[in-house]
Protein chains: 2
Amino acid sequence: MIERLAIIGVGLIGGSLARALREAGAVGEVVGCGRALPNLERAVEIGVIDRYDQDPASAVAGADMVFVAVPLGAMRGVFNAIKDRLRPDAIFTDGGSVKGSVVADALAAFGRTPPRLVPGHPIAGTERSGVDASFATLYQNRRVILTPLPETDPDAVARVESMWRTCGAEVSQMSVAHHDEVLAATSHLPHMLAYGLVDALARMDETDEIFRYAAGGFRDFTRIASSSPVMWRDICIANREALSAVLGRFSVELTDLAQAIRLGDGNYLLEVFERAKAARDRNVEGAVDGRTKESP
Amino acid sequence: MIERLAIIGVGLIGGSLARALREAGAVGEVVGCGRALPNLERAVEIGVIDRYDQDPASAVAGADMVFVAVPLGAMRGVFNAIKDRLRPDAIFTDGGSVKGSVVADALAAFGRTPPRLVPGHPIAGTERSGVDASFATLYQNRRVILTPLPETDPDAVARVESMWRTCGAEVSQMSVAHHDEVLAATSHLPHMLAYGLVDALARMDETDEIFRYAAGGFRDFTRIASSSPVMWRDICIANREALSAVLGRFSVELTDLAQAIRLGDGNYLLEVFERAKAARDRNVEGAVDGRTKESP
């Protein structure tokens, strides 16, 4: 049971955590904090939080659990603002999509790795943002990755793990570096490809005529290009090393494919496509569901 | 009204055309042709076709409308097989995803551009294949592109257009070259990126552990990598010129993005992401639907 939960950043991620914990009866009071006053007022109105305080330091005062769900570029400022006002026994965790930068921000703000900070990443979301987009079941059957450090208090890890389990999530642990490599490959790189593709087409055809002939496959493929540009700029900068490495690998793959196409090397193409289809069908849930359209 | 429709290739595309025309009462007899006998027997059993003939020449005999829905690599062989047995007034059209290669195949088989061939491309499909995957509403509100040539009989074009409208499709016309460029950009390139991404990840991580942390955005992004490898090999070879050109443009886009990430150039990234998001939100139906998950 959490007595007082402070949520810094009451949007889709923070709001959904509050909703889920409330529905489970696992939280007493919820205090929200954020920069947009109308969003906070709305959050009180729809019952996601009990009250708000726009000053992070006052918002965390007295909280036994703090969840920081702000864009990566704002993490360090929040850590600096709250560091002297956290209850000594308060546990705090975050929802950042890159863990190396969050850990570095905490080190910079606190002067050491705070033992009661449990870096975390709920792998969930939609293209929408703001508290109105939040919902209690967002984390059900979703993965949450925690990346505790050697200095992290095991009791704090256990409590954060339990909080996410209460929301229906499947929690796993890995190192900061491994998290950032895995997410670079499975999330950050795909977003770069989707943004890059849509931008390349938009630049090719200023009249947008080309998009008229895009079918369902294109819609699915590029859905992630509707995500928040500011959030993704921050993620790219925060994870630039791991993302650059995986972009390099992908570029080699693409160069090889392009060469096979130019040369008409059908055997090479078939080999790549079969290996990819097999990996996807084997690993990605709902791979062949027959509902979604493609556009050959 | 079509008196006798011959469908060469009774799969998702051919089967769905037959079902839609039957439901609309717009066809008399439907004769199927294909290489897999069990699929043809199944097509009769579930009422998609009235009868079948595994010899294309016999299958088209007496038909006033012929629909060739075979992989691009099989087009020329079908044209060669049927050329001497088509009724003189028979109209024939196809469902190939590349039009330049189909027109070249027809020229090679007939020795000239047949005036009653109307090259076409229904932009619809799912990852599934075979007659069991076909359904009558596949073409509803989908686009069908016809690419008639100067030699093409306008009456044949009008009849094919009317056939597709009966199925609920929106029909448009463009040149062969423009079709192949547009589809290279909006369909063939995205498929290359999805296949290439999944293959690159599978090669990076032979244990497939990496896929465990892929969320909804990845599932949507890579859905098209579950498509038929043989079909896509054929498409790449058939459209290699236009696809190579658009792959080249995309490579430049990706190189610029990779450099901005390496240099930490947030302004450049924000500019690209905002332009892409705006283009997608403006052009792609259902861009922000809140239902589908991404994985930041």
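At a glance:
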read-out	value
Residue check for residue A:201: at pLDDT 95 or above, within 7 Å of another protein chain (Cβ to nearest Cβ) and surrounded by 23 or more Cβ atoms within 10 Å (Cβ to Cβ)	no
Which listed residue, of B:249, B:282, B:275, is over 20 Å from residue A:190 (Cβ atoms) and free of Cβ contacts under 8 Å to residues at least 60 places away in the same chain	B:282
Residue identified as crowded, with 16+ Cβ neighbours inside 10 Å, under 15 Å from residue B:14 (Cα atoms) and in contact with a strand residue (DSSP E or B) (Cβ under 9 Å, 6 or more places away or on another chain) among B:50, B:64	B:50
The listed residue being assigned to a helix (DSSP H, G or I), within 16 Å of the chain's Cα centre (by Cα), closer than 28 Å to residue B:228 by Cα and at pLDDT below 95, out of A:224, A:210	A:224
Residue A:76 in contact with an Asp or Glu (Cβ under 8 Å, 6 or more places away or on another chain), without any contact (Cβ under 8 Å) to a residue 60 or more places away in the chain, closer than 15 Å to residue A:234 by Cβ and outside any strand (DSSP E or B)	yes
Qualifying residues in the range B:204-219 (those that are surrounded by fewer than 24 Cβ atoms within 10 Å (Cβ to Cβ) and at the interface with chain A (Cβ under 7 Å from one of its Cβ atoms)) - the one nearest to residue A:246 (Cα to Cα)	B:204
The range B:231-262, residues that are hydrophobic (A, V, I, L, M, F, W, C) and at the interface with another protein chain (Cβ under 7 Å from one of its Cβ atoms)	B:231, B:232, B:235, B:236, B:237, B:243, B:247, B:250, B:254, B:257, B:258, B:261
Looking only at the range A:184-198, and only at residues there that are in contact with a Phe, Trp or Tyr (Cβ under 7 Å, 6 or more places away or on another chain) and closer than 16 Å to residue B:215 by Cα, the one that is surrounded by the fewest Cβ atoms within 10 Å (Cβ to Cβ)	A:189
Those residues of the range B:50-73 which are out of contact with any Asp or Glu (no Cβ under 6 Å at 6 or more places or on another chain) and in a loop (DSSP other than H, G, I, E, B), in sequence order	B:53, B:54, B:55, B:61, B:62, B:63, B:69, B:70
Considering residues of the range A:19-47 that are among the hydrophobic types (A, V, I, L, M, F, W, C) and in a strand (DSSP E or B) only, the residue surrounded by the fewest Cβ atoms within 10 Å (Cβ to Cβ)	A:27
Options B:97, B:16, B:101: the member that is in a helix (DSSP H, G or I) and in contact with a strand residue (DSSP E or B) (Cβ under 9 Å, 6 or more places away or on another chain)	B:16
Residue under evaluation residue A:194, criteria (1) of a type outside the set (S, T, N, Q); (2) more than 7 Å from chain B (Cβ to nearest Cβ); (3) under 20 Å from residue B:197 (Cα atoms); (4) over 15 Å from the mean Cα position of the chain (by Cα), criterion not met	(2)
Selection status of residue A:153, in contact with a Phe, Trp or Tyr (Cβ under 8 Å, 6 or more places away or on another chain) and among the acidic types (Asp, Glu)	no
Residue within the range B:98-105 that is crowded, with 16+ Cβ neighbours inside 10 Å, more than 16 Å from residue B:7 (Cα to Cα) and among the hydroxyl-bearing types (Ser, Thr, Tyr) present	yes
Any chance residue A:116 is out of contact with any Lys or Arg (no Cβ under 6 Å at 6 or more places or on another chain), closer than 16 Å to residue A:18 by Cβ and more than 14 Å from chain B (Cβ to nearest Cβ)	no
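Every residue, every condition in (1) hydrophobic (A, V, I, L, M, F, W, C); (2) touching a Ser or Thr at 6+ places or on another chain (Cβ under 8 Å); (3) touching a residue at least 12 places away in the same chain (Cβ under 8 Å), yes or no:
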| site | (1), (2), (3) |
| --- | --- |
| A:114 | no, no, yes |
| A:118 | yes, yes, yes |
| A:123 | yes, yes, yes |
| A:146 | yes, yes, yes |
| A:152 | no, yes, yes |
| A:160 | yes, yes, yes |
| A:169 | yes, no, yes |
| A:180 | no, no, yes |
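Every residue, every condition in (1) of a type outside the set (Phe, Trp, Tyr); (2) under 16 Å from residue B:278 (Cα atoms); (3) surrounded by fewer than 17 Cβ atoms within 10 Å (Cβ to Cβ), yes or no:
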{"residue": "A:233", "(1), (2), (3)": "yes, yes, no"}
{"residue": "A:243", "(1), (2), (3)": "yes, no, no"}
{"residue": "A:255", "(1), (2), (3)": "yes, no, yes"}
{"residue": "A:265", "(1), (2), (3)": "yes, no, no"}
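The values are calculated or read from the model by the stated rules, or taken from the named source; none is laboratory data. As the structure is a prediction and not an experimental result, all values here were calculated from the model. Positions of Cβ are backbone-derived with ideal geometry, glycine not excepted, and every protein chain shown enters the neighbour counts.
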